[in-house]
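Below is one structure; the comments refer to it alone.
Each value in this text was obtained by applying a stated rule to the coordinates, not by laboratory testing. All of these numbers come straight from a predicted model, not from anything done at the bench. Heads up, the Cβs are rebuilt from the backbone with ideal geometry, glycines too, and the neighbour counts pull from every protein chain shown.
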2 protein chains.
Amino acid sequence: MRGPGYDAGMPALPPSLDPPRRVLLGPGPSEVPASVLQAMARPTLGHLDPRFLALMDEIREMLRGLFGTANGWTLPMSGTGSAGMETVLVNLLEPGDRVLVGVNGVFGGRIAEAARRVGAEAVEVAGEWGRALDPDDFRRAARAAGGSFRLLALVHAETSTGVLQPMEGWRELADELGALLVADVVTALGGTPVRLDEWGVDAAFAGSQKCLSCPPGLAPVSLSPRAVERLQTRREPVRSWYLDLNLIARYWGGERAYHHTAPVNLLYALHEACRLALAEGLEQRAARHRRLGAELQAGLEGMGLELRVPAGERLPQLTAVAVPDDVADAPVRRFLLEEFGVEIGGGLGPMAGNTWRIGLMGAGCTRANVALVQAGLRAALAAPVRA
Amino acid sequence: MRGPGYDAGMPALPPSLDPPRRVLLGPGPSEVPASVLQAMARPTLGHLDPRFLALMDEIREMLRGLFGTANGWTLPMSGTGSAGMETVLVNLLEPGDRVLVGVNGVFGGRIAEAARRVGAEAVEVAGEWGRALDPDDFRRAARAAGGSFRLLALVHAETSTGVLQPMEGWRELADELGALLVADVVTALGGTPVRLDEWGVDAAFAGSQKCLSCPPGLAPVSLSPRAVERLQTRREPVRSWYLDLNLIARYWGGERAYHHTAPVNLLYALHEACRLALAEGLEQRAARHRRLGAELQAGLEGMGLELRVPAGERLPQLTAVAVPDDVADAPVRRFLLEEFGVEIGGGLGPMAGNTWRIGLMGAGCTRANVALVQAGLRAALAAPVRA
């Protein structure tokens, strides 16, 4: 008896893919420049080819620039941003360790959840969704919970709400707690400034598909010497073989020991995306995001729409907009996609169904797109897509 | 004080990448057809775009054909083949569970190691490297170890040695043990026949970058209804958030709930690679690998080289060759790469330094490449690259 794959009864082949052209103005993936797509389509090299190994070194060097760090342990993990998050937690935590984590959006909650799965205890500091967090609230929560903490974790760029978390005061708190400082910079990297060394962050993770404007599938991470020491003095092996940085560093470092087959072509894309970001200049790039994000946010408020985050705490690259009470969420997004070819995002968690998320990330952050998404929304909010 | 990324002191930008053209005849990544590279470079869609969701369904359907299964839970994980292995183990095992695993090469050992990291106990059945395993040896080992086993795991295509493990008798043994049957088909899928339903395999994992001739970065996995039941009746949550199939199935299934951002462009490539494999026909494709693998193996033996695996137990798509005593491994591989543009692989584990691995996988499995790699080896084995 043969399985379906070897039968005459195979399903008909689908046609070759022909994706429509969209303008990606959601929470990511973002617009990918043509040169990044072209780089990705270059012939595949072996993951131990000397030319590819040289490319890896260049990527690490450029990522250090983007992260604002001199950390030797700076490299892209072979998975999406969530794999980057899990990498940091699974490598730095052992069963019984405690994490103090701010939860003012989906991604803070995700850190807590992933930490628990590693066998750690997560003490959550609940914050209002759409507002930044205050170190003093953490200080009080730590005192109330007692005991020590291995990690102090917060989301610098909360992709679910559009909050830009200021980074002042956290290093001091981490030192008081004797904890390593962990920051989620998934949506920040390549957009708003990331300065790990200045902030005193010990471990950070990002994604390729946000302000770097690279396709999804890679998660740049960076560990400070203090975090590396923690990793190297664990009592137990890292619970994940695939994400074990002790093993992965042997491949990305001088030893070049095979661990897993690197996603070669995606790394081509990341190489080119990093080049474009650094060639623009990180200050200039941040200024572009700030300027156009403010322009969009003013425009939306001018349309009478309410933003989820007060001025001064907003990410320029991701704007959360309240869906007006008399408007249905999904039909508007479908209208934008079908009539304007524009993708924006819906809300997550308690913001599902009542929030739109508009991204101006990397190559997608242009004056033309600021105008386009407003034109689309204006058309959508006219009848007949009102609820 | 500013971090390096925001200083005037940034390192010089590397040039845009310009990978040399190689012929990939190692253990993977393999040759990638132009249409697969082109598919990958199509504009990125959002991971919740209706057109992308339709593409995901087509991929699942084609993967079912390739795996020879009707399993509903058949999908590509967002990581390389090793992530596929870890997915199966972390989802099906709980702390204290036991795995009976055959170790006759690097990848069997890796299963044991990854299982231990999940908190399970791995009972290893050691086999000779370069030989297939016998269910009766497992039966004896299970009896000697006593107790019950959650998983019976073996490597169907051992990429480190080139052994093709026959699949007869394992389902019966798994039933005797009350265990789920797990098979590593990383190097088999799209090359030699994979017939999960006929074999009675409950969980299998593969890689995109072997006989599917897709770039690395995706790991197709498939779970039988029995494995899914096991997953759904766990006592504890899956220890990895990123690889938790309960969550991932909500995205790949009808619910379309966001979990992580799918690696959209890599999935374009997989879609096209699956199309090419199925369009060729799996029987024809297997026959091509068998025919040309045998031709290469006969040719190498004709050159006086010794193969690591006896006839009858060889993978046609991966041939392990003993490095002659008076020849140095690395200079020969470097010569092939530099003079012929041909990549072959070195050995792993105890075969490091004394074994070459030659792959004829997917698009790389051609008569021209059979001739090319032999011509290169003949030239390399002439002076001056002898040790």
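Comparing Cα centroids, the stretch B:238-307 and the stretch A:334-368 end up 33 angstrom apart. Dipole magnitude for the stretch A:1-148: computed about the Cα centre from +1 point charges on Lys and Arg Cβ and -1 point charges on Asp and Glu Cβ, it is near 120 debye.
Residue and whole-Å distance for the chain A Cβ lying nearest the axis of the A-onto-B rotation are A:Ala41, 2. Across the stretch B:321-387, Cα-Cα distances exceeding 17 Å account for 38% of all pairs. Before anything else, pin down the relative contact order of the stretch B:34-277: Cα pairs under 8 Å, at least 6 apart, normalised by residue count, whole percent. With pairs under 8 Å counted, the relative contact order is 29 percent. Within chain B, the whole DSSP H helices whose Cα atoms reach 20 Å or more along their own axis and whose mean Kyte-Doolittle score is at least 0.0 are B:50-67, B:264-280, B:367-381. Only helices enter the 222 nm calculation for chain B: every DSSP H run of n ≥ 4 contributes -39,500 (n - 2.57), and dividing by all residues gives -11500 deg cm²/dmol, rounded to 500.
Here is how far apart the A:Ala330 label points are across copies: 5.9 nm, shortest first, using a point 7 Å from Cα toward Cβ.
Taking the Cα centre of the stretch A:314-378 as origin and assigning +1 to Lys and Arg Cβ atoms and -1 to Asp and Glu Cβ atoms, the resulting dipole is close to 260 debye.
Let a ≥ b ≥ c be the square roots of the eigenvalues of the Cα gyration tensor of chain B; is it rounded (a/c under 1.5), or, if not, prolate (a/b larger than b/c) or oblate?
Numbers: a/c = 1.56, a/b = 1.12, b/c = 1.38.
Here chain B falls in the oblate category.
Based only on Cα atoms, what Rg/Rh ratio does the stretch B:216-327 have, Rh being taken as Kirkwood's radius? Rounded to two decimals, Rg over Rh is 1.14. Across the identical copies, the label point of B:Glu172 (7 Å from Cα in the Cβ direction) is separated from its matches by 7.4 nm, in order from shortest. Ordered by the count of other Cβ atoms within 10 Å of each Cβ, fewest first, A:Arg171, A:Arg21, A:Arg195 give A:Arg21, A:Arg171, A:Arg195. Packing order of peptides A:75-85, A:324-334, A:113-123, highest average first: A:75-85, A:113-123, A:324-334 (average count of other Cβ atoms within 10 Å over each peptide's residues).
Taking other Cβ atoms within 10 Å as a rough exposure proxy, B:Asp184, A:Asp57 sort from fewest to most as A:Asp57, B:Asp184.
The order of A:Leu266, B:Leu278, going from fewest to most other C-beta atoms within 10 Å of their C-beta, is B:Leu278, A:Leu266.
Computed about the Cα centre, the dipole magnitude for the protein assembly as shown is approximately 580 debye when only Lys and Arg (+1) and Asp and Glu (-1) carry charge, each at its Cβ.
With an a/c value of 1.5 or above and a/b not larger than b/c for the gyration tensor axes a ≥ b ≥ c computed over the alpha-carbon atoms, the stretch A:146-272 is described as oblate.
Can you tell which of B:Phe52, B:Phe205, B:Phe107 shows the greatest fluctuation in a Gaussian network model of chain B with Cα springs below 10 Å? Greatest mean-square fluctuation among the candidates belongs to B:Phe52. Overall, the ratio between the Cα radius of gyration of the protein assembly as shown and 2.2 N^0.38 Å, rounded to two decimals, is 0.94. Across the options A:Ala188, A:Pro15, A:Thr319, the greatest Cα extent toward the positive end of the charge dipole of chain A (unit charges at beta carbon of Lys, Arg, Asp, Glu) belongs to A:Pro15. Reducing the stretch B:194-226 and the stretch B:71-113 to their Cα centroids gives an inter-centroid distance of 11 Å.
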